[in-house]
Amino acid sequence: DGGITQSPKYLFRKEGQNVTLSCEQNLNHDAMYWYRQDPGQGLRLIYYSQIVNDFQKGDIAEGYSVSREKKESFPLTVTSAQKNPTAFYLCASSWDRVTEAFFGQGTRLTVV
Amino acid sequence: AQSVTQLGSHVSVSEGALVLLRCNYSSSVPPYLFWYVQYPNQGLQLLLKYTSAATLVKGINGFEAEFKKSETSFHLTKPSAHMSDAAEYFCAVSAPIQGAQKLVFGQGTRLTINP
């Protein structure tokens, strides 16, 4: 079945550590996205990528980094510079502006 | 710039009653609008979308939404609520960014169904 796979589902990080969240899609979509979800704030765009080897900052990119070396993969690194990383992170992909975005099941990151 | 406002962070209805979740949007270009549903600790699932065809859009699980340009609204309705409809619902408008799609989300509305 086609879809988006995020791993791990739950992740715990000590303060000062970098962690990488995985996102893989087999939908052959060109565009991929990372959103952050906090209670009562909806979803906010962190980074997006339209094609391989190209990505752009979203609304809240500070403290995060991404790479897009393959069409299928768009990993997100939460660096130690992110002051409040505890959140639910969602990866998505889409064809274009008209078609819907497909979402993964999310990764819940907790700083301990 | 595109934006979305969902009126009511929490809505509670009785099983079998009408569900109405409100969404108003702002867009500088013809909007593409979406409703998504999210169950606890899961991703978002598309309920329905408006992409400039019919103004009344039917989605999954008996939901539908009507695009009203004059009111800049895209409210979500379901005639008869079911217990399984309890979830969080997000309205989103699609903003163009270099050919890709940025979804601008509302704050979400948590729907509770009372037995």
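Averaging the Cα positions of each part gives two centres, and for segment A:36-51 and segment B:1-33 these lie 19 Å apart. Under 17 Å of direct C-alpha separation, and excluding same-chain neighbours fewer than eight residues apart, A:LYS70 reaches these aspartates and glutamates: A:GLU24, A:ASP30, A:ASP54. For B:LYS78, which lysines qualify as cross-link partners when the Cα separation must be under 16 Å and same-chain residues fewer than eight apart are set aside? Within the straight-line cut-off, B:LYS78 pairs with B:LYS49, B:LYS58.
Calculate the mean, over all residues of peptide B:12-21, of how many other protein chain Cβ atoms lie within 10 angstrom of the residue's Cβ.
Values: counts 0, 0, 0, 0, 0, 0, 0, 0, 0, 0.
Per residue, the number of nearby Cβ atoms from other chains is 0 on average.
A straight Cα-to-Cα reach below 20 Å connects A:LYS83 with the aspartates and glutamates A:GLU15, A:ASP38, A:ASP59, A:GLU62, residues fewer than 8 places away in its own chain not being considered.
Write down Rg/Rh for chain B, rounded to two decimals, with Rg from the C-alpha atoms and Rh from the Kirkwood relation over Cα pairs.
Working: Rg = 13.7 Å, Rh = 14.2 Å.
Taking Rh as the inverse mean 1/r over Cα pairs, Rg/Rh reads 0.96.
Treat every Asp and Glu Cβ in segment A:51-97 as -1 and every Lys and Arg Cβ as +1, leave all other atoms uncharged, and give the resulting dipole magnitude about the Cα centre to the nearest 20 debye.
Working: 6 positive and 6 negative charges, 8 e Å.
Charge dipole, segment A:51-97, about its Cα centre: 40 debye, nearest 20.
In this view, the solvent-accessible surface of B:SER84, computed with a 1.4 Å probe and all protein chains in place, comes to about 70 Å². Computed from the Cβ-Cβ distance with R0 of 35 Å, the FRET efficiency linking B:ASN41 to A:GLU69 stands at 0.75.
What area, in nm² and to one decimal, does the C-alpha convex hull of chain A cast on average over all directions? Working shown, then result.
Working: hull surface 26.9 nm².
One quarter of the hull surface, i.e. the mean projection, equals 6.7 nm².
Summarising the strand pairing of chain B, around 90 percent of its internal DSSP beta bridges are antiparallel.
For segment A:1-40, a Kirkwood radius taken over Cα pairs fed into Stokes-Einstein (4 °C, viscosity 1.567 mPa s) yields D = 103 µm²/s. Ranked by the mean number of other Cβ atoms within 10 Å of their residues, highest first, the peptides A:101-107, B:45-51 come out as A:101-107, B:45-51. About its Cα centre, the protein assembly as shown has a charge dipole of approximately 300 debye under the convention of +1 per Lys or Arg Cβ and -1 per Asp or Glu Cβ, with nothing else charged.
What ratio of Cα Rg to 2.2 N^0.38 Å holds for segment B:33-85?
1.19
Gyration tensor analysis over the Cα atoms of the protein assembly as shown returns equivalent ellipsoid semi-axes of 30, 21, 15 Å (largest first, whole Å).
The values are calculated or read from the model by the stated rules, or taken from the named source; none is laboratory data. Nothing here was measured: the structure is a model prediction, and the numbers come from that model. As a convention, Cβ positions derive from the backbone with ideal geometry for all residues, glycine included, and neighbour counts pool all protein chains shown. For the accessible areas, the whole protein counts, side chains as well, though only heavy atoms, and no ligand, DNA or RNA atoms are used. Shrake-Rupley method; radii C 1.70, N 1.55, O 1.52, S 1.80 Å.
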